[in-house]
1. For ASP32 and TYR172, what does the FRET efficiency come to when R0 = 30 Å and r is the distance between their Cβ atoms, rounded to the nearest 0.05?
2. In the neighborhood of TYR159, defined by Cβ-to-Cβ distances under 11 Å, what is the net charge if each Lys or Arg adds +1 and each Asp or Glu adds -1?
3. Please give every one of the aspartates and glutamates within straight-line cross-link reach of LYS119, meaning a C-alpha to C-alpha distance under 18 Å, and leave out same-chain neighbours fewer than 8 residues apart.
4. For TYR3 and GLN121 in one chain, what is 0.36 nm times their gap in residues minus the Cα-Cα distance, to one decimal in nm?
5. Can you pull the percent of Cα pairs in the chain with separation above 30 Å?
6. List the residues whose amide H sits under 5 Å from the amide H of LYS68, counting only those 5 or more places along or on another chain, with H placed 1.01 Å from N in the peptide plane.
7. With both partners inside the chain, how many of the DSSP beta bridges are antiparallel, as a percent to the nearest 5?
8. Would you mind checking the pairs LYS34/LYS56; LYS45/LYS122; LYS23/LYS122 and listing those with alpha carbons more than 20 angstrom apart?
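Just so you know, all these numbers are worked out from the coordinates, no wet-lab data involved. Computed from a predicted model, the values in this text were never measured in an experiment. Heads up, the Cβs are rebuilt from the backbone with ideal geometry, glycines too, and the neighbour counts pull from every protein chain shown.
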Amino acid sequence: MNYPVDIMSEVLFTEEQIAKRTKELAQRINEDYKDSPLTVVCTLKGAVFFFTELMKNLKLDCRLEFIKASSYIGNTTMTLGNVTISRSMNFEIQGRDILIVEDIVDTGHTCAKLFDYFKNQKCHSVQICTLLDKKSRRQVEINPKYIGFEIGNQFVIGYGLDYNEAYRNIPYIGILNEKYL
Ligand code: 5GP
């Protein structure tokens, strides 16, 4: 069964645009962490596509890890303040620089929770790299160091981003057509 051809009301970023922007971010990260022991942490599941593209462009001797944080439940486009980290950390971070890779920062609750989670361990530093930033929706102060694109208050899908666990596999990003809400 294929997904509907009109599942997006508008395409926001093509695969090519995402790849180009990711390369630019990777160049900055390569420069910023050239002397540091970096661990790049992918937040499951949404950031997987972005994370893979980013990692392919890093020239650093770095480690990669995965963590799962959930902030919204089931069939909804609303995020909630109560974030749970459901894949607990079992990798060594003492003295290391941590770069959290996110698909999207919306209210900021998920990133804030992850940020605190790592800060409370004995890592050397924590920064956030997000593909998308819905800055106008922020409820807590979170300022990602690396941002792919800023977007408005729209619910987007594709390139790892889901609606009710579907459409993650679409290789570009667009606005979910309201008729499928
Ligand atoms: P926050 O805690 O910043 O409000 O929410 C972050 C999480 O909410 C993201 O990691 C993502 O899973 C989900 N989210 C927020 N906005 C969108 C969106 O426009 N599309 C999708 N698919 N997920 C979103």
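1. 0.60
2. Local charge sum for TYR159: -3.
3. Qualifying aspartates and glutamates at Cα under 18 Å: GLU65, GLU92, ASP97, GLU102, GLU141.
4. Between TYR3 and GLN121, full extension yields 38.3 nm more.
5. Here the tail beyond 30 Å accounts for 15 percent of pairs.
6. Those lying under 5 Å, H to H, from LYS68 are LEU44, SER86, ARG87.
7. 30
8. From LYS34/LYS56; LYS45/LYS122; LYS23/LYS122, over 20 Å: LYS45/LYS122; LYS23/LYS122.
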